[in-house]
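Structure first, commentary second.
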């Protein structure tokens, strides 16, 4: 049950030689309005709510797959509520039946890397949501590769007008409608050729013989149930996870149990869950249930949970985003996720500098834009998290006054932030006369674990004339507990590329011996012996010189035992203490005078 191939775009964060040599003309490729205005399918009129949903704004369109483990081919589905505009639900600024709105939603989903949509369906007798579902089907068919499926909500049983029929008969009626109306669509979601039908809380409220339901169908759908128990349901083709209200660990223990169960049943479909939080305080049915968003960290933690169980050789089948647009229960990601990030920028000499006030681990990268008029922008450089300045005199700008902007591009679906304009005058002459350089790392993805560091070859290459200045190498944006080093830490390229070895380890160094207890006793006895001898010698003035000699000898012997592991001990290892498992983007930096260059390395800590 593996789905498709994921195409990943790799962005190398380097200073383009073409931007640093000769006379640089401003050729705008975007506008300030485009980079700051609402770029989502959320309504322009929608305002931030007290339940954590933020006003429609500029959200990161980076592929959500990039939050998963390297090499993921997991399908990502958005869970869609089809009922806004119906007076039974709150006003969010749009009508879910509007074909133009559905087009905006699906194109927005695709722009974020989403592969399909699962619709919370209340049955064909709920005319409002059913009309929306029909329109979603028509739009999905216009986007090859984008799929849709139905989730039969428990409400579909209640709303059935099948007079005198049992819940099971009502369910059969609804499933047969799905088969006749939606399943024939080429865009309908399938598992191994079987159409997918999920359900929400039906077994919690009704007694149903699912084998009888399946026998009444013609397509024998792949019924997908809920939670870890859904894998062993009598008619189960798999199970999906959901956002569970748990104030102690944000639902992570629930997800852990779900993924562990799914791994024991590889022939069943496993659909994981990612969510930003939960808050039903504005819902008419609300019970003040809250899972806090933690400025985007709950969202990121749901992906880290997946990455702790799955990898490129053990793929998660699918992932459901809970939810695309449930505004009433505070789970919508349509308008973006608030990462509580703020920033300011200004000039310090020739350098554009910026400060951040919040969580930089929610930021993917920075983009520095330049403008002649404050509205039409040209990207000048792209820089990794941890960057704080850019020397604008390293660019040969034509004489004049310009405006610079710094954009913090959030991790997928997080809110992007743009600094205010910073005015500056072009340098009268570029001080950069030594040529330009580029930086790269091979491999650009490293896997480390406790006691097993990993290495990459970092290469500095002259790209605009010879470069005879030294380049200092460093790392930034390292996760807690990870340490990097370079050998050598400073290199000088000259007329050709030169390299240094980057080594990254996870955790802190420890000194485990073959037998910690006996080893400790040996050193204690060794020191005690020298201590007693020292006291005996110190008892006489004539022995004081010998005492200092003996103490010096004891130090040498002790150090020898440590490094040679007296008593058959092992070589010191690196423990995982303090290192968090997960996948991180770290920046490898090269600095030389006015030049700052960077490249990204993907670090996976196991």
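The values are calculated or read from the model by the stated rules, or taken from the named source; none is laboratory data. Note that the coordinates shown come from a computational prediction; the quantities given were computed from them, not determined experimentally. Positions of Cβ are generated from backbone atoms using ideal geometry, with glycine treated the same way; all protein chains shown enter the neighbour counts.
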Considering only strands (runs of 3 or more DSSP E) wholly within region 358-427, the ones with at least 2 residues that are under 19 Å from the mean Cα position of the chain (by Cα) and under 28 Å from residue 583 (Cα atoms) are 363-371, 376-383, 401-410
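Among 184, 221, which is over 15 Å from residue 119 (Cα atoms) and either in contact with a strand residue (DSSP E or B) (Cβ under 6 Å, 6 or more places away or on another chain) or not assigned by TED's automatic domain parsing to the domain that holds residue 141 (or both)?
On the way: 184 fails: either in contact with a strand residue (DSSP E or B) (Cβ under 6 Å, 6 or more places away or on another chain) or not assigned by TED's automatic domain parsing to the domain that holds residue 141 (or both).
Just a single option satisfies the conditions, and that option is 221.
Results for (1) within 21 Å of residue 334 (Cβ to Cβ); (2) crowded, with 21+ Cβ neighbours inside 10 Å; (3) without any contact (Cβ under 8 Å) to a residue 40 or more places away in the chain; (4) out of contact with any helix residue (DSSP H, G or I) (no Cβ under 9 Å at 6 or more places or on another chain), shown as yes or no for each residue.
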{"site": "212", "(1), (2), (3), (4)": "no, no, no, no"}
{"site": "215", "(1), (2), (3), (4)": "no, no, yes, yes"}
{"site": "222", "(1), (2), (3), (4)": "no, yes, no, yes"}
{"site": "246", "(1), (2), (3), (4)": "no, no, no, no"}
{"site": "267", "(1), (2), (3), (4)": "no, no, no, yes"}
{"site": "273", "(1), (2), (3), (4)": "yes, yes, no, no"}
{"site": "277", "(1), (2), (3), (4)": "yes, yes, no, no"}
{"site": "283", "(1), (2), (3), (4)": "yes, no, no, yes"}
Filtered residues of region 63-86 (kept if more than 17 Å from residue 117 (Cβ to Cβ) and over 29 Å from the mean Cα position of the chain (by Cα))
85, 86
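Let me confirm something: among 334, 329, which residue is part of a loop (DSSP other than H, G, I, E, B), touching a helix residue (DSSP H, G or I) at 6+ places or on another chain (Cβ under 8 Å), touching a residue at least 24 places away in the same chain (Cβ under 8 Å) and not assigned by TED's automatic domain parsing to the domain that holds residue 243? I'd like the intermediate steps shown before the answer.
On the way: 329 fails: touching a helix residue (DSSP H, G or I) at 6+ places or on another chain (Cβ under 8 Å).
Going through 334, 329 in turn, the sole match is 334.
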Go through region 229-244 residue by residue and tally those that are surrounded by 18 or more Cβ atoms within 10 Å (Cβ to Cβ) and not in a loop (DSSP other than H, G, I, E, B).
5
Only residues that are surrounded by fewer than 21 Cβ atoms within 10 Å (Cβ to Cβ) and part of a helix (DSSP H, G or I): list them for region 47-66, please.
66
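Among the residues in region 160-178, are any under 30 Å from residue 113 (Cβ atoms), at pLDDT 95 or above and in the same structural domain as residue 217 (by TED's automatic domain parsing)? So that I can check it myself, show each step before the final result.
Going through region 160-178, the residues under 30 Å from residue 113 (Cβ atoms) turn out to be 178.
Cutting the leftovers down to at pLDDT 95 or above gives us 178.
Filter again for in the same structural domain as residue 217 (by TED's automatic domain parsing), leaving 178.
Yes, because at least one residue in region 160-178 is under 30 Å from residue 113 (Cβ atoms), at pLDDT 95 or above and in the same structural domain as residue 217 (by TED's automatic domain parsing).
Tally the residues that are assigned to a helix (DSSP H, G or I) and either over 31 Å from the mean Cα position of the chain (by Cα) or buried (at least 16 other Cβ atoms within 10 Å of the Cβ) (or both), restricting the search to region 87-112.
Pass one, region 87-112, residues assigned to a helix (DSSP H, G or I): 99-111.
With the extra rule that they be either over 31 Å from the mean Cα position of the chain (by Cα) or buried (at least 16 other Cβ atoms within 10 Å of the Cβ) (or both), the set shrinks to 99, 101-106, 108-109.
Within region 87-112, residues that are assigned to a helix (DSSP H, G or I) and either over 31 Å from the mean Cα position of the chain (by Cα) or buried (at least 16 other Cβ atoms within 10 Å of the Cβ) (or both) number 9.
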If we keep only residues of region 294-314 that are outside any helix (DSSP H, G or I) and under 17 Å from the mean Cα position of the chain (by Cα), then the residue surrounded by the most Cβ atoms within 10 Å (Cβ to Cβ) is 296
Scan of region 452-471 for residues that are modelled with pLDDT under 90 and under 26 Å from residue 361 (Cα atoms), ordered by number
452
